[in-house]
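The values are calculated or read from the model by the stated rules, or taken from the named source; none is laboratory data. All figures in this text were calculated on a predicted structure; none of them were measured in a lab. Because the Cβ atoms are built from the backbone with ideal geometry, glycine has one as well, and the counts that use them run over all protein chains shown. Note: accessible area is taken over every heavy atom of the protein model, side chains too, but ligands, DNA and RNA are not part of it. Shrake-Rupley method; radii C 1.70, N 1.55, O 1.52, S 1.80 Å.
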Amino acid sequence: MLCKHLQTSWPVGADLPRRIPQPGESGSFWENRGDRHHAGVDLYAPASTPVLAIQAGRVLQTYVHTSPGICPYWNTTYAIVLQLPSGLILRYAELGEVMVSIDQVVTCAEIIGKIGQVLLPNRVLPTDPPYIQLLKDTHHSAMLHLEAYATPPPEQDERYLGGNYFGLTVPPPDLINPTQILEEIILLEQSKTT
């Protein structure tokens, strides 16, 4: 999925632990959230933490990902869709700031945005979904939401909202589990230090 001959970078800057949610954990790939399934992996970090390009690539899209106008407990966050040289498409979402533009070519480890606070804890009601309650209760309101695709995701998909697919029991055919990509980056980092 990643080009083996190219440099790679962990997508979250700062000196934070490399923690990938495991299957069944909050923020894991295809986590069952009752009426929806999670389309990516959430990497929890403080708001404004730099978000880095995993590999060099070209920016295909930037847009608003969440907002209170869509869902009252959401803050306004943004997404960047980046195509890597291998053809892999990454959606970096729930960003507080976008620092790139469409068609821009970015280098590996270049800062492309900053983590946003997606959840407005004071607007979460007892009737909101249990996974939202858990995020509020565990103080996980800021994160990088990372998705991977074999082909560019459609700009509008009535089944997709805020990093989740509704009405599907299996992932769409072009959606790829980003856990494998993140694990590959960790292994490459570890091999450089030994």
**Message:** As an exercise, use a Förster radius of 25 Å and the Cβ-Cβ distance of F166 and L60 to find the FRET efficiency, rounded to the nearest 0.05.
**Reply:** 0.55
**Prompt:** How big is the accessible area of R58 in square angstrom, nearest 10, if you roll a 1.4 angstrom probe over the protein chains?
**Reply:** 90 Å²
**Message:** Below 8 Å, C-alpha to C-alpha, sequence gap of six or more: please give me the relative contact order for the stretch 90-194 in percent.
**Reply:** 27 percent
**Prompt:** Which angle between 0 and 90 degrees, to the nearest 10, do you get for helix 178-193 versus the longest principal axis of the chain when only C-alpha atoms count?
**Reply:** 40 degrees
**Request:** With the convex hull built on the Cα atoms of the stretch 74-118, state its orientation-averaged projected area in nm².
**Result:** 3.2 nm²
**Message:** Over the chain, with the other protein chains present, what is the accessible area per residue in square angstrom, probe 1.4 angstrom?
**Reply:** 47 Å²
**Helical contribution to [θ] at 222 nm, DSSP H n ≥ 4, -39,500 (n - 2.57), averaged over the chain, rounded to 500** = -4000 deg cm²/dmol
**Request:** State, as an integer percentage, the relative contact order of the stretch 137-194 based on alpha-carbon contacts under 8 Å between residues 6 or more apart.
**Result:** 40 percent
**Item:** Dmax and Rg, reported as Rg then Dmax, of the chain (C-alpha, Å)
**Value:** 15.7, 50
**Asked** Taking only the alpha-carbon positions of the stretch 43-124 and ignoring solvent, what does the Debye formula give for the base-10 log of I(q)/I(0) at q = 0.14, 0.19, 0.22 Å⁻¹?
**Response** -0.45, -0.76, -0.95
**Fill in**
With N residues in the stretch 83-194, Rg(alpha-carbon) / (2.2 N^0.38 Å) equals 1.24
**Message:** How much length would be gained if the chain were fully extended between L16 and T76, taking 0.36 nm per residue of separation minus their Cα-Cα distance, in nm to one decimal?
**Reply:** 19.2 nm
**Message:** With N set to the number of residues, divide the alpha-carbon radius of gyration of the stretch 1-60 by 2.2 N^0.38 Å and report two decimals.
**Reply:** 1.33
